[in-house]
Amino acid sequence: MEKETPQSAPPPTFLRGEEDSSSPARARFERLIRRVQAEVCAALEAVEEGSGGVGVGGGVFREDAWTRPGGGGGISRVLQGGRVFEKAAVNVSVVYGVMPPEAYRAARPDAAAGTEKAGPVPFFAAGVSSVIHPNNPFAPTMHFNYRYFETEASQDTPGAPRQWWFGGGTDLTPSYIIEEDIKHFHGVQKQACDKFDPTFYPKFKKWCDDYFHIKHRGECRGVGGIFFDDLSDRDQETLLDFVTECAESVIPAYIPIIERRKDTQFTEKHRAWQQLRRGRYVEFNLVYDRGTTFGLKTGGRIESILVSLPLTARWEYDHKPEEGTEEWKLLDTCINPKEWI
């Protein structure tokens, strides 16, 4: 497995030179994810500053830049121990080289049948990924990820066509159902989708509910949002614009919710329930998440791959909330996903 190499400052681009720089999709997508990373980190730091939070992490992001020996690199930014955010991570990566067939199947399961005996696959992958875990149990966790893939023919099947696709989404994971917040969050996602196609939101909302489903529990991880993968059914420019719109919708979808809930009074009971729901979050990310699988199979940076996990979580044997309670309402919603708008 390749090991990452730390560096003191990130280069202006992780592309490998003129060959990549001349690719409109690759260059534009790297500029997009770097800008989104900077804007989201600035928005979260502003919330911390407005709350007078210093915390263990000082309410600011620590930045680590790294390079991947096989090609490319990334920038990891993490805030820990803030007054508002227990842990927030916003990462970008731009990596390329060759990946084994099993990594390709993790990245694109619909191609599995054609790669059973294929050799290593040349690839390019870039993305921005973030998970934000607030301290307050009434402030929801939020995740977003937007990525772009290109692959060439595997090394033992020359002449096969080059493939490309976009993937990603934005979803909300509360510990308590506050309909005002969830409707706002879904409304912003729908607005972004409707600018391109009115069928996008219902399609990608259902895809999100289906994808973030913890099969061994029979429940969703949270209250969803939008999610799509292997998206290449329209021209590349249109889909790049769509992904840009989605990524730019993260701040207006989430920051107003945080501002409303960050100072809500809570008890140890509320905190214990939050810890149990975080346990569900961990289960999904380690067992089912395609990004985690892909990162591990391509020798990715472990700290960046697992940065989505919360600082603390809890697993209590055979815990069942009492029917009719606010905790039961959340669990019922996760078992029976709802339409919010």
Lys262 neighbourhood, Cβ < 13 Å, K/R = +1, D/E = -1, net charge -3
Where does the charge balance sit around Val36 when Lys and Arg score +1, Asp and Glu -1, over other residues with C-beta under 13 Å from its C-beta? +2
Out of residues 5 or more away from Met99 or on other chains, whose amide H comes under 5 Å of its own, with H placed 1.01 Å from N in the peptide plane? Val121, Phe123
Sum -39500 (n - 2.57) across every DSSP H segment of at least 4 residues in the chain, then divide by the residue count to get the 222 nm mean residue ellipticity, nearest 500. -12000 deg cm²/dmol
Connecting every pair of Cα atoms under 10 Å apart in the chain and solving the GNM, the largest mean-square fluctuation among Thr292, Thr264, Thr141 falls on Thr264
Farthest toward positive dipole pole in the chain [+1 Lys/Arg, -1 Asp/Glu at C-beta], among Leu240, Thr325, His186: Thr325
Shape verdict for the chain, please, from the Cα gyration tensor: rounded (a/c under 1.5), prolate (a/b greater than b/c) or oblate. prolate
Only counting other Cβ atoms within 10 Å, I'd like Lys297, Lys190 sorted with the fewest neighbours first. Lys297, Lys190
Take every Cα-Cα pair in the range 151-293 and report what % of them are more than 23 Å apart. 46
Sorted by chain and number, the residues with a modelled amide H under 5 Å from that of Cys220, at a separation of 5 or more or across chains, are Ile214, Ile335
Karplus-derived 3J(HN,Hα) from phi for the range 28-40 (6.51 cos²θ - 1.76 cosθ + 1.60, θ = phi - 60°), whole Hz, x at Gly and Pro, runs 5, 5, 5, 4, 4, 5, 5, 5, 4, 4, 5, 6, 5
Between Ala38 and Trp328, what length comes free when the chain is fully extended (0.36 nm per residue of separation minus the Cα-Cα distance, one decimal in nm)? 100.6 nm
For 246-257, 301-312, ranked highest to lowest by mean beta-carbon neighbours within 10 Å, the order is 246-257, 301-312
Ranked by Cβ crowding within 10 angstrom, fewest neighbours first, how are Asp194, Asp318, Asp209 ordered? Asp318, Asp194, Asp209
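Every number here is computed from the coordinates shown, using simple stated rules; none is lab data. Given the structure is predicted, the values throughout are model-derived calculations rather than measurements. Cβ: placed from backbone, ideal geometry, glycine included. Neighbour counts: every protein chain shown.
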